[in-house]
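Worksheet for the structure shown next.
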Amino acid sequence: VVARIGGDKFVILLDYADDIHEAIHIASCIKASLRLPFSIQGRVIRTSASIGILFNNNTYNSSDHLLRDVDIALYRAKAEGRDRYEIFGAEMFQMTLKRVNLENDLHGAIAQQQFVTHYQPIYTLPGQRLVGFEALVRWQKPDHGLIMPLEFIDLAEETGLIVAITYQVIEQVCQAIQQWQTDHLIADRFRVAINILGQSFRDDEFLPMLDQSLEKVGLSPQRLTLEITERILLEQSTSILETLTSIKARGMRLSIDDFGTGYSSLKYLSRFPVDILKIDKSFVNEMQQNGQGIVRAIIDLAQNLGMITVAEGVEYPWQMQQLVELGCQVAQGYLFSKPLPFEAATQLMRSGTKGVF
Ligand code: C2E
Ligand code: CA
Ligand code: CA
């Protein structure tokens, strides 16, 4: 039986097959025949298929469950790079279950405002004057302690939940800055950098919400730097350009995070109003073994385009020394301080110390 169950989704039932090899053989044949180019109205079209395979050893008693599991295998095939087949296994179901649970937990965490913002100090080089913080989110899950962003940010982005999380971070950051301002702990040029992923950036409500959070506590937009990735610039849609321009018009700074690790485009970099390039910690790490080439190139590029460079992940004095020699003006990293909870960040400013060396 062959059935079409969605736009480009088909199900083939092989009711004669008594082992999985029969299904694999058919899948290979389908892939091989689709690989040949089609000619439609004089144009050559190439296509491919991602295939999920499920062998029913009579453990299923509902066709819904059969279709659910073969769909999981199909999505795995797509995720693994398309034009391939994947066979459903119990571990796939476990992984999907874990993701579904995590997604549910994230929904709950957003509703119950379980996210807290930590602040990593950012210092000028070579003077080590505190010029700002980077806001980094953590999930304070009851009975689990602090969960780091690497464990949930990707899924939050895939599911769009990142938008709501970003709003909570922005609110917390605005309140924190307002508090520090009231306590006369920060100078005029002190800024906090917030990480903004593409999803949030594309959201129509993003700018109005940002304005609202600032207004609520009477804060100038100049207190904020937004860290975005190169990928956002590559989209080069007019709405992205409008958002970037509005952000600049408000006096916020724009920073490119993890610069050089993705698809960098010099053309877009000079076209968009970027203020800061962040040198990824992988480049800072490599300076000893692979030389200073990339770091030097990023700093030179930034200088030529009138941008500032911020080095991330500085852990050793020799790294700081080399960065100073290369002309990097600003840095953050464990050498100076780990990201700190609000109270500890406040304490750091009160005590006026430069951090840990
Ligand atoms: P990122 O923006 O590149 O942030 C820097 C990461 O490096 C942070 O990890 C920070 O704790 C860590 N780090 C700082 N100094 C050092 C160092 O000297 N050595 C090493 N090994 N690591 C250092 P974290 O907090 O786990 O955040 C991971 C990533 O999650 C961030 O990478 C960022 O992409 C994302 N993220 C964090 N908070 C937010 C947020 O509020 N919103 C969004 N959209 N993404 C966030
Ligand atoms: Ca960042
Ligand atoms: Ca980074």
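Read the figures in this text as sums done on the coordinates, not as results from a lab. Note that the coordinates shown come from a computational prediction; the quantities given were computed from them, not determined experimentally. Cβ: placed from backbone, ideal geometry, glycine included. Neighbour counts: every protein chain shown.
Laid out as a table, the results:
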quantity: Cα-based helix-to-principal-axis angle, 162-182 vs the chain, degrees rounded to 10; calculated: 10
quantity: Debye, to nearest 20: dipole size of region 1-126, +1 on Lys, Arg Cβ, -1 on Asp, Glu Cβ; calculated: 660
quantity: Gyration tensor verdict on region 1-118 (Cα atoms; rounded if a/c is under 1.5, prolate if a/b is larger than b/c, oblate otherwise); calculated: oblate
quantity: Length-normalised contact order of region 68-129 in % [C-alpha pairs under 8 Å, at least 6 apart]; calculated: 22
quantity: Cα gyration tensor shape of the chain, rounded if a/c is under 1.5, else prolate or oblate by comparing a/b with b/c; calculated: prolate
quantity: Filtered chymotrypsin sites (Phe, Trp or Tyr not before Pro), region 1-99: DSSP coil and at most 12 other beta carbons within 10 Å; calculated: Y16
quantity: For region 1-70 and region 136-183, distance of Cα centres in Å; calculated: 42
quantity: Rounded tilt (10° steps) of 293-304 against the dominant C-alpha axis of the chain; calculated: 60
quantity: Computed lengthening from Q212 to D154, 0.36 nm per intervening residue step minus Cα-Cα distance; calculated: 18.2 nm
quantity: Relative contact order (%) - criterion: Cα under 8 Å, at least six apart; region: region 300-350; calculated: 36
quantity: Shape category assigned to region 246-339 from the gyration tensor of Cα positions, a/c cut at 1.5; calculated: prolate
quantity: Net charge, D257 excluded, C-beta distance under 13 Å - Lys, Arg +1, Asp, Glu -1; calculated: -3
quantity: Gain on full stretching of the segment that runs from Q236 to K9 - 0.36 nm per residue minus C-alpha separation; calculated: 78.6 nm
quantity: Separation between Cα centres of region 86-128 and region 281-304, rounded to whole Å; calculated: 30
quantity: Those residues of region 50-66 whose amide nitrogen sits under 19 Å from the label point placed on E91, 7 Å along Cα→Cβ; calculated: 52-55
quantity: Per DSSP, loop GluC sites (Glu not before Pro) in region 156-213 with at most 11 further Cβ within 10 Å; calculated: E205
quantity: Normalised contact order of the chain, rounded percent, pairs of Cα under 8 Å and 6 or more residues apart; calculated: 12
quantity: Listed residue pairs exceeding 21 Å between alpha carbons, taken from K78/K281; K78/K98; K281/K338; K216/K278; calculated: K78/K281; K216/K278
quantity: Using alpha-carbon coordinates, inclination of helix 90-111 to the longest axis of the chain, degrees; calculated: 40
quantity: For peptides 232-243, 216-227, sequence by mean Cβ density within 10 Å, most packed first; calculated: 216-227, 232-243
quantity: Helical contribution to [θ] at 222 nm, DSSP H n ≥ 4, -39,500 (n - 2.57), averaged over the chain, rounded to 500; calculated: -14500 deg cm²/dmol
